[in-house]
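Undergrad: Provided herewith is a single structure, encoded as structure tokens, for subsequent inquiry.
None of the figures in this text is laboratory data; all of them are computed from the coordinates on show. Fair warning: this is a prediction, and the values are worked out from it, not measured in the lab. Positions of Cβ are backbone-derived with ideal geometry, glycine not excepted, and every protein chain shown enters the neighbour counts.
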Amino acid sequence: MSRFWYVPGTVRIVGAGLAGLTAAVILARGGRSVEVYEKKTRLLPSSGPHTEGIRNYGAIDALHELRTQGFELEPFGVVRRTIRFSPKFRNVLHGPAYYLFMRGREDYTVDQMLYARAKQNGVKFHFGRTHDPLNADIVATGPPRDQFNILGAGYTFTEEGSHLEPDTVYALLDNGTAPGGYLVITPGIRFHSVYSVSWRELRFEKLLAMTEAAFEIPWIRAILGTSRWVSKINGRAYFVRDPIESAERRGSLLVGEAGGFQDAIAGFGFRYAVLTGALAARAIMDGQDYRGLLKGKFGDEFQRASDFRGWLNRATNEDFDKLVASMGSEITLEEYLRQRGSRAL
């Protein structure tokens, strides 16, 4: 049952991921006392260091949307050319389709920058400690244990020796490489990322082997060049069809993937992590209805995304060929969004 929220004393957050850190920064900037409990002994995204993007597919600019909610960090790059392959076809999308951020331990990653801002504003962190989520105000613990339904598997690789342009992303829609999903190659700072994202193959070693097999595809091999592997990417994600309905649990607000707020179409959870963290902070500071804020922001976009995800899970390689071919050899971002609408991938 929804209620109006206001926490008079210290706000307790469980989880120091993107959603939890966003909520902590906004609350602390608003003058609230905040304590964050993180079971890991250090700050690190669960999938390891990698490049993460925000899809700029909305009615308003994605970065502007985050800024209006109090997220002030700048991306390190903008993807202006997205090259998609299916087994038989190729399309080039022109336009600012993604904003890029780094995740990891380095000072220039979004995790460390948010952490530094939180500490500057007086947030207290307790690493290596657990805290009962039922006694927390905000739960930001990531996907429920053993309930993930999206898997990413791949590697980061050195910038040196590779042939990847800093404003270009490559994607491959092929069930032999990423069942129901895609392989993606994204630029980063000092190292790049290549990994498969799947909704149908949820065994890491199996998906990693499928990803590695794709490295023999000529255009992928040309991009990797003589680069070296840096580390593995092992990302687990979790989405539900209607996360707003279950966003409050026994007095706690669920944010990010702890509540199933994730992009069912392509697995880009960055936007949902930031926005749910920000809205939870606002609900607590201003005494507003959290679920009401969520409904006002997202409407029915989770249900629409889940419907298209159902089609993607059933799609064959022939379907992927038709999808890529329908876009022609080249298309602008504006043309693409008019053509695809809520089914933009």
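Undergrad: Give the distance, in whole Å, between the Cα centre of the range 33-63 and the Cα centre of the range 242-288.
TA: Value for the Cα centre distance between the two parts: 13 Å.
Undergrad: Starting from the Cα of Ile60, step 7 Å along the direction of its Cβ; do the same at Ser326; then give the gap between the two resulting points in nm.
TA: Label-label distance for Ile60 and Ser326, simple model: 3.0 nm.
Undergrad: If packing is taken as the mean number of other Cβ atoms within 10 Å per residue, what is the order of 118-127, 258-267, highest first?
TA: Peptide ranking by packing, descending: 258-267, 118-127.
Undergrad: Okay, moving on. Please give the net charge around Thr82, taking every other residue with its beta carbon less than 14 angstrom from that of Thr82, where Lys and Arg add +1 and Asp and Glu add -1.
TA: +1
Undergrad: Run the reach check for Lys88 against lysines, Cα to Cα strictly under 17 Å, same-chain hits fewer than 8 apart removed. What comes back?
TA: Filter leaves Lys322.
Undergrad: With charges set only on the Cβ (+1 for Lys and Arg, -1 for Asp and Glu), what does the dipole of the range 240-333 come to about its Cα centre, in debye to the nearest 20?
TA: 320
Undergrad: When we measure straight from the Cα of Lys232, which aspartates and glutamates land under 16 angstrom away, once same-chain ones fewer than 8 places off are left out?
TA: Candidates past the 8-residue exclusion: Glu52, Glu159, Glu205, Glu212.
Undergrad: How big is the antiparallel share of DSSP beta bridges in the chain, given as a percent to the nearest 5?
TA: Bridges in the chain that DSSP calls antiparallel: roughly 65 percent.
Undergrad: Going by alpha carbons, how many degrees (0 to 90, nearest 10) lie between the helix axis of 204-214 and the longest principal axis of the chain?
TA: Tilt of helix 204-214: around 30 degrees.
Undergrad: Quick one: net charge of Thr130's neighbours, Cβ under 14 Å, K/R +1, D/E -1?
TA: Local charge sum for Thr130: +2.
Undergrad: Which of the listed residues, Gly95, Gly154, Leu114, is farthest toward the dipole's positive end in the range 92-154, when Lys, Arg count +1 and Asp, Glu count -1 at the beta-carbon?
TA: Leu114
Undergrad: Taking the dipole about the Cα centre of the chain, with the C-beta of Lys and Arg at +1 and of Asp and Glu at -1, give me whichever of Thr276, Gly142, Leu253 is farthest to the positive side.
TA: Checked the options; the winner is Leu253.
Undergrad: Also, I was wondering about something else. Which one, Ser227, Phe215, Pro243, is farthest towards the positive end of the dipole of the range 206-283 when Lys and Arg carry +1 and Asp and Glu -1 on their Cβ?
TA: Checking the options against the dipole of the range 206-283, the answer is Ser227.
Undergrad: Lysines near Lys39 by alpha-carbon distance under 21 Å, same-chain residues fewer than 8 away left out - which ones?
TA: Within reach: Lys119, Lys124.
Undergrad: Let me have the relative contact order for the chain, percent, based on Cα pairs under 8 Å that are six or more residues apart.
TA: 25
Undergrad: If amide hydrogens are placed 1.01 Å from N in the peptide plane, which non-local residues have theirs closer than 5 Å to the one on Tyr182?
TA: Val197
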